[in-house]
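The structure appears right after this line, and notes come after that.
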Amino acid sequence: MLRDGTVFDEDHLPREIVGRNSQMNEVTDALAPIEDGFRAENCYLFGPSGAGKTTVARAAVRELRREVLEVPTAYVNCWKESTRSGVLERAAKDLANAAVPKNAPARDLVDKLESSLDSPSVIILDEVDQLRDPDTLYDLHSIYGLSWICIANREVDLLARLEERVRSRVSVGYRVQFDRYTADTVTEILARRASQGLDPGAVERETLKEIAEMADGDARRAITALRVSARKAADEGLSSIPRRLVRESVLDAEEEVRQKAISKLNDHQRVLYECLEEAGPLIQKELYEHYKREHPDPITLRALRERHLPKLEHYNLITTDSEGGAKTYQIVE
């Protein structure tokens with residue numbers, strides 16, 4: 001039944017982008033100056049998980065490279081490369097094709113990029129609000145001709161952490177907002193993935209619609225659920241996906257997406273999650289006391305509240321309840 005499993009991979013870039021024409025236009029407009037040899041506008045993409053932000057960013061860069069074949073581009077997932085040196089090393093390797101010595105000082109990496117890049121270039125910074133040192137943006141901003149597409153859930157999670165001198169320099173740029181997909185749009189996304197990745201007739205439109213509705217606007221979860229459904233049907237020796245498998249497959253997909261999110265948590269987020277897993281539900285002050293006991297180098301409650309707890313919420317790992325005036329956190333079951 002599965003004809004091409006790569007179609008359902010998280011990093012698969014479809015030929016056509018569904019339901020995001022206005023966002024694509026905004027990002028391509030920001031990149032357009034490169035076609036005339038000028039630095040592009042910086043671009044910020046904000047919205048919930050599974051709303052197509054990364055897909056649009058990568059598709060816009062793909063369109064740019066069709067017009068300007070030699071434009072240097074790079075992609076950095078800041079959840080994996082969360083340090084200043086990690087981001088700069090990846091930028092030096094991908095943008096300048098530079099041999100980077102291990103543990104090279106950040107200043108040397110910036111110098112390497114400045115000396116190597118002599119034309120406009122673009123870097124995508126995914127999950128940019130996960131940067132341990134957001135001043136890394138200042139380093140990148142100082143490099144001639146380099147512009148970025150920054151991807152995050154909320155603007156406040158990124159720019160509020162910057163010092164004023166840095167924020168005034170790097171905050172200028174296009175803001176592109178993503179809302180959750182509608183069920184009809186997710187259904188169409190699934191239909192196109194099914195036509196490429198599954199055997200003909202393997203799934204009915206109504207089954208895709210049911211998956212889309214249960215995924216609640218999260219395309220990543222819906223695509224994973226379709227793959228899981230196909231695998232379950234194949235395991236039963238079926239040639240098509242019966243609707244009876246949908247609910248179980250969506251739940252399995254939610255758990256798979258959740259485990260991936262947990263695996264990418266930084267040390268502060270992981271300790272918070274484990275505290276809630278062990279002792280929750282907890283009001284904010286109780287959670288902070290648990291966290292301070294468990295983390296070897298705790299940060300302030302304000303920093304947790306502004307930077308790390310919202311990330312756990314965005315990835316549907318925890319929920320909050322503000323009844324009675326006290327904010328209570330608990331694990332999503």
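The values are calculated or read from the model by the stated rules, or taken from the named source; none is laboratory data. In this text, all values refer to a predicted model and were calculated from it rather than measured experimentally. For neighbour counting, all protein chains shown are included, and Cβ atoms are generated from backbone atoms with ideal geometry for every residue, glycine included. These accessible areas exclude ligands, DNA and RNA; they are computed on the full protein's heavy atoms, side chains included. Shrake-Rupley method; radii C 1.70, N 1.55, O 1.52, S 1.80 Å.
Conditions (1) open to solvent by 50 Å² or more (accessible area, probe 1.4 Å); (2) at pLDDT 95 or above, marked per residue:
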| residue | (1), (2) |
| --- | --- |
| Gly5 | no, no |
| Arg15 | yes, no |
| Arg20 | no, yes |
| Asn25 | yes, yes |
| Ala30 | no, yes |
| Ile34 | no, yes |
| Lys53 | no, yes |
| Val56 | no, yes |
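Checking each residue in region 177-192 for being out of contact with any strand residue (DSSP E or B) (no Cβ under 9 Å at 6 or more places or on another chain) and either within 14 Å of Phe8 (Cα to Cα) or not polar (S, T, N, Q) (or both) picks out Asp179, Arg180, Tyr181, Ala183, Asp184, Val186, Glu188, Ile189, Leu190, Ala191, Arg192. Look through region 129-145, keep the residues that are over 17 Å from the mean Cα position of the chain (by Cα) and open to solvent by less than 10 Å² (accessible area, probe 1.4 Å), and return whichever of them is farthest from Leu265 (Cα to Cα). Here the residue is Gly145.
Give the number of residues within region 241-275 that are surrounded by 18 or more Cβ atoms within 10 Å (Cβ to Cβ), of a type in the set (A, V, I, L, M) and under 30 Å from Ala212 (Cα atoms). Qualifying residue count, region 241-275: 8. The helices (runs of 4 or more DSSP H) located wholly in region 1-99 that include 2 or more residues which are within 16 Å of the chain's Cα centre (by Cα) and closer than 23 Å to Lys260 by Cα occupy 53-67. Considering the conditions (1) at pLDDT 90 or above; (2) crowded, with 18+ Cβ neighbours inside 10 Å, Thr182 is excluded by exactly one of them, (2).
Scan region 74-129 for residues that are of a type in the set (A, V, I, L, M, F, W, C), without any contact (Cβ under 8 Å) to a residue 40 or more places away in the chain and within 26 Å of Thr28 (Cβ to Cβ) and report the count. Of the residues in region 74-129, 2 are of a type in the set (A, V, I, L, M, F, W, C), without any contact (Cβ under 8 Å) to a residue 40 or more places away in the chain and within 26 Å of Thr28 (Cβ to Cβ).
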